[in-house]
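As structure tokens, the structure follows; a few thoughts come after it.
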Amino acid sequence: MSQPIDPARVSRFAARRLAARPELAAELAGAVAFTRGEMDEALQVPAGEDEAAFKRRLRQLRERVVLREMARDLAGAAPLEEVCAAMSDLAEAAIGAALAWLQVPDLIVVGMGKLGGRELNVSSDVDLVFLHPGLERAAALERPARQLIQLLSQTTEDGFVFRVDMRLRPYGDAGPLVCNFDFLENYFVAQGRTWERYAWLKARAISGSQHRELDAIVRPFVFRKYLDYASLSAMRELHAEVRRDVARRELAEHVKLGPGGIREVEFVAQALQLIRGGRDSALTVRPKLPALAALAEKNLLPAAAAKELSEAYVFLRRVEHGLQYLDDDQRHELPDDAEDRGRLAQMLRFGGWSAFCAELDRHRAAVTRHFGNIFAERAADEDAWPDHPRLAALRASQRYASLPEDSRRRLDRVVPAFAKAASRTADPDATLVRGIALLEAIASRAAYLALLAEHPEALERVARIIGASSWAAEFITRHPLLLDELLDDRLLYAPPDLQGMATTLRARLGESSDDVERRMNLLREGHQAQVFRLLAQDLAGLLTVERLADHLSALADLMLELAIDCAWRDLPRKHRPDAPRFAVIGYGKLGGKELGYASDLDIIFLYDDPHEPAGEIYARLAQRLNTWLSSRTTSGILFETDLELRPSGASGLLVSSVAAFEDYQRSHAWVWEHQALTRARYCAGDKAVGEAFERIRHEILTRPREAGRLAKEIVEMREKIHRAHPNRSGLFDVKHDRGGMIDIEFAVQYLVLAHAARHPELTKNLGNIALLGMAATLGLLSPDIAARCQEAYRTYRRLQHALRLNGAAYARVPAPEVEANVAAVRELWRVIAD
């Protein structure tokens, strides 16, 4: 611990109070941190204590707290957080005791600013707002509210407790002293401005009740549900006003308002919180240091910047405290006279004023640099809109004319910049046309225009992605929230972290437990964001088609798991308090882990529960789950679902017991249903139910079968599917035509059903390519045919994927391109058919 500094030697305030009240010296010797319990005990008011005695009690406690924390601070024993917390505890204890003395426990006192964030300095004002839920009672509380202000702020021979500032209430000094909730909400809707969102971000109710109801009013005003990049320019303008005021009042040496001062650190943190706090509650934290840490953890602020800003904030706040220790004044300007400069340098443990100034300048320069990185006005592109019919139509449209001035200005900046970015892509005209469709879709949504205007690097990335894929362009246009994913390449191209995604989504779903549509949207937006990251990696050549399908299938499994949790949580009249004994089984592309970007989910539902009405309960769960997956909300749908592979198809029950499913598969299922079972797997839900399914699947697939009869039935089913997909285009359909993907899939299904009785390893759901290789190893196919068909299947999947990415309705190519592949598959089919 550092050598202590005598407070009376460096603080005139301490010297005066110790001279007036020598008993206070006991607060300085070996001082320990002041606790809230100690404060509450000191403020226990004897029955009948008069006003003068109560005021003295409050003020003498303040002297004790300030002197003890000053002594600990100057001794190097109290970090900044302790000093601020002690002063905040003092304010809350004093307000609570005053309300009790006045006998008005129902007045809701809201701490704003540093009190709201529990960051009060040692000679701080307290910014307060007084509220009450009811209209009549709010008016009746005006008088005791004024008495509360006087109890805290009146200067007596014992000093004051806290200066009180009420100007942050609705309409400021012109508004009522005590507002009711309806008044506050109507004010926010009709009059609330960006600087007030900034002020209410740290608001915290410290007395009264119905805090949740108050939060439901304040939170939507402060934090928007969308990404609020439009607030950045408003915050920039607000800061410019502060800077002009600083210059006018010559406050360059003001450690709070001056360049590189405390306010700029606060602006950085709160601007980024306002932008994203409505979508991530972790960013709604009030104190500055935790807020900066949260921003760094979310990769919204570089870790190095967060570290430098945090260090600067601590240093500047300690300077602020040193200035206020001098005379117990609300002081923020550096002293001019040599004596006070020496006192301040000594308090902060510098050998002299010049050493102190060098450290101060270093911190202020860091704050200025990081502030500029966030708030610097992006250079406007002076180029005119390019000459293009679609752009001309947009600029002449009523849509453009009706935009607010800020949005028109942003669009005028974004269009030329996007055109330049498009010119650097492989097909500039196609990229520009796709980009125009996107800009038309978001023109009336200020937040997305602001995002692109503030982040030119995002324009480059969106041009690159939509230039590479028309499907990607349509995906972004349908879901412009995804533009936010383009801001950070580290996140955009990071390997999927589904465990981390699940943790984050579960937390956010829990926060929105009473809002079904909000939770549906959270699932959809989380899924879309991850799909978009995979899309970006795919277009950048970082993923094979097979690896992409693995990721998309695992992502679908996760979304199913989360959707089951949500649907079960909301299900009325359920019989189990814990998780349902219910599982989702995937078939087709999901079952085979070959999911594409827009694939439907072929799924069935199973349960294993002896409870008598379980079938009815799980049927309701299945219906609700399907609603969670396929309903269209403001954020789109999660998945299209196909439930017709359940036992007895569309005429069968929506959900089957494990026993009924087993009986159906043993005694009633068609061969094509056993074919489908080769590409089925447990995806989500109760693991025991999943294990039961896998046991049944293995038993059915390893049943002995007569090869000739099996081949005949599979050929008949293949012919039926072929007739259902006629192709008169003159091109080769890589999925449906003879020699295409379905022929390979049917051949593999035949090999599994015909030979799994002798070779049970064929039941492993490894995908068609791996199973072809296994068949060759087992001697069921020649290695040459297996290898050629493996390559054909890879080629077909790549072709299908590339064509779908550019909007093709069918995966069709000129026949000569795949002639060798078709020949290999037809040879495989002859082996099967013979």
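The values are calculated or read from the model by the stated rules, or taken from the named source; none is laboratory data. If you're wondering where the values come from, they're calculated on a predicted model, not measured in any experiment. Virtual Cβ from ideal backbone geometry, glycine too; neighbours counted across all protein chains shown. The protein model used for the area step is the full one, side chains on, heavy atoms only, and it has no ligands, DNA or RNA in it. Shrake-Rupley method; radii C 1.70, N 1.55, O 1.52, S 1.80 Å.
A few comments on the model shown:
- Hits in the stretch 397-415 - residues which are surrounded by 15 or more Cβ atoms within 10 Å (Cβ to Cβ), more than 14 Å from residue 436 (Cα to Cα) and not basic (Lys, Arg): 403, 406, 407
- None of 539, 535, 509 is open to solvent by 30 Å² or more (accessible area, probe 1.4 Å) and not β-branched (Val, Ile, Thr) except 539.
- Long-range neighbours under 9 Å by Cβ, at least six apart or interchain, first residue closer than 18 Å to residue 758 by Cα within the stretch 705-724, second among the acidic types (Asp, Glu) and surrounded by fewer than 17 Cβ atoms within 10 Å (Cβ to Cβ): 711/834
- Condition check for residue 788 on (1) at pLDDT 95 or above; (2) closer than 27 Å to residue 681 by Cα; (3) of a type in the set (D, E, K, R): one failure, at (2).
- When residue 361 is tested against the conditions (1) open to solvent by 70 Å² or more (accessible area, probe 1.4 Å); (2) touching a residue at least 24 places away in the same chain (Cβ under 8 Å); (3) part of a helix (DSSP H, G or I), the lone failure is (2).
- Residue list for the stretch 130-152, filter: out of contact with any helix residue (DSSP H, G or I) (no Cβ under 7 Å at 6 or more places or on another chain) and either open to solvent by less than 40 Å² (accessible area, probe 1.4 Å) or closer than 17 Å to residue 330 by Cβ (or both): 134, 138, 141, 145, 149
- Residues satisfying the stated conditions in the stretch 546-556, i.e. surrounded by fewer than 19 Cβ atoms within 10 Å (Cβ to Cβ) and either in contact (Cβ under 8 Å) with a residue 60 or more places away in the chain or in a loop (DSSP other than H, G, I, E, B) (or both): 546
- Scanning the stretch 79-124 for residues that are hydrophobic (A, V, I, L, M, F, W, C), farther than 30 Å from residue 48 by Cα and open to solvent by 10 Å² or more (accessible area, probe 1.4 Å) yields 80, 85.
- Residue among 719, 713 that alone is open to solvent by less than 70 Å² (accessible area, probe 1.4 Å), touching a helix residue (DSSP H, G or I) at 6+ places or on another chain (Cβ under 7 Å) and at pLDDT below 95: 713
- Where a residue in the stretch 36-56 is open to solvent by 50 Å² or more (accessible area, probe 1.4 Å) and its partner, wherever it lies, is in a helix (DSSP H, G or I) and aliphatic (A, V, I, L, M), with Cβ under 6 Å and at least six apart: 40/93
- Qualifying residue in the stretch 168-177 (condition: under 28 Å from residue 79 (Cβ atoms) and aromatic (Phe, Trp, Tyr)): no
- Against the conditions (1) out of contact with any Asp or Glu (no Cβ under 7 Å at 6 or more places or on another chain); (2) modelled with pLDDT of 95 or more, residue 86 satisfies every one except (1).
- Selection of the stretch 266-312 for residues being among the β-branched types (Val, Ile, Thr), in a helix (DSSP H, G or I) and open to solvent by 10 Å² or more (accessible area, probe 1.4 Å) yields only 284.
- When the stretch 631-640 is filtered for residues that are modelled with pLDDT of 95 or more and crowded, with 16+ Cβ neighbours inside 10 Å, the ones remaining, listed by number, are 638, 639.
- Residue within the stretch 175-194 that is under 33 Å from the mean Cα position of the chain (by Cα), small (Gly, Ala, Ser) and surrounded by 14 or more Cβ atoms within 10 Å (Cβ to Cβ) present: yes
- Where residue 127 falls short, out of the listed (1) within 23 Å of residue 199 (Cβ to Cβ); (2) open to solvent by 10 Å² or more (accessible area, probe 1.4 Å); (3) in a helix (DSSP H, G or I); (4) in contact with a helix residue (DSSP H, G or I) (Cβ under 8 Å, 6 or more places away or on another chain): (3)
- With respect to being farther than 16 Å from residue 461 by Cα, of a type in the set (S, T, N, Q) and part of a helix (DSSP H, G or I), residue 444 falls outside the description.
- Scanning the stretch 216-233 for residues that are modelled with pLDDT of 75 or more and hydrophobic (A, V, I, L, M, F, W, C), we see that the one that is nearest to the chain's Cα centre (by Cα) is 223.
- Total residues in the stretch 460-479, condition open to solvent by 10 Å² or more (accessible area, probe 1.4 Å) and of a type in the set (A, V, I, L, M): 1
- Residues being in contact with a strand residue (DSSP E or B) (Cβ under 8 Å, 6 or more places away or on another chain) and among the hydrophobic types (A, V, I, L, M, F, W, C) - total across the stretch 691-744: 5
- Residue identified as modelled with pLDDT of 95 or more, closer than 25 Å to residue 72 by Cα and in contact with a strand residue (DSSP E or B) (Cβ under 8 Å, 6 or more places away or on another chain) among 344, 360, 323: 323
- On inspection, residue 524 fails the criterion of being of a type in the set (Lys, Arg) and either without any contact (Cβ under 8 Å) to a residue 60 or more places away in the chain or open to solvent by 20 Å² or more (accessible area, probe 1.4 Å) (or both).
- Exclusive hit being open to solvent by 20 Å² or more (accessible area, probe 1.4 Å) and part of a loop (DSSP other than H, G, I, E, B), set 257, 251: 257
- Single residue of the stretch 593-616 satisfying the filter (open to solvent by less than 10 Å² (accessible area, probe 1.4 Å) and more than 28 Å from the chain's Cα centre (by Cα)) that is farthest from residue 471 (Cα to Cα): 614
- In the stretch 232-248, residue surrounded by the most Cβ atoms within 10 Å (Cβ to Cβ) [restricted to those that are in contact with a helix residue (DSSP H, G or I) (Cβ under 6 Å, 6 or more places away or on another chain) and free of Cβ contacts under 8 Å to residues at least 60 places away in the same chain]: 234
- Some residue of the stretch 338-353 being of a type in the set (S, T, N, Q), open to solvent by 30 Å² or more (accessible area, probe 1.4 Å), touching a Ser or Thr at 6+ places or on another chain (Cβ under 9 Å) and farther than 30 Å from residue 494 by Cα: no
- Hits in the stretch 1-17 - residues which are open to solvent by 30 Å² or more (accessible area, probe 1.4 Å), touching a residue at least 24 places away in the same chain (Cβ under 8 Å) and in contact with a helix residue (DSSP H, G or I) (Cβ under 7 Å, 6 or more places away or on another chain): 4, 12, 17
- The listed residues are 621, 645, 653, 595, and the only one of them that is touching a residue at least 40 places away in the same chain (Cβ under 8 Å) and out of contact with any Leu (no Cβ under 7 Å at 6 or more places or on another chain) turns out to be 645.
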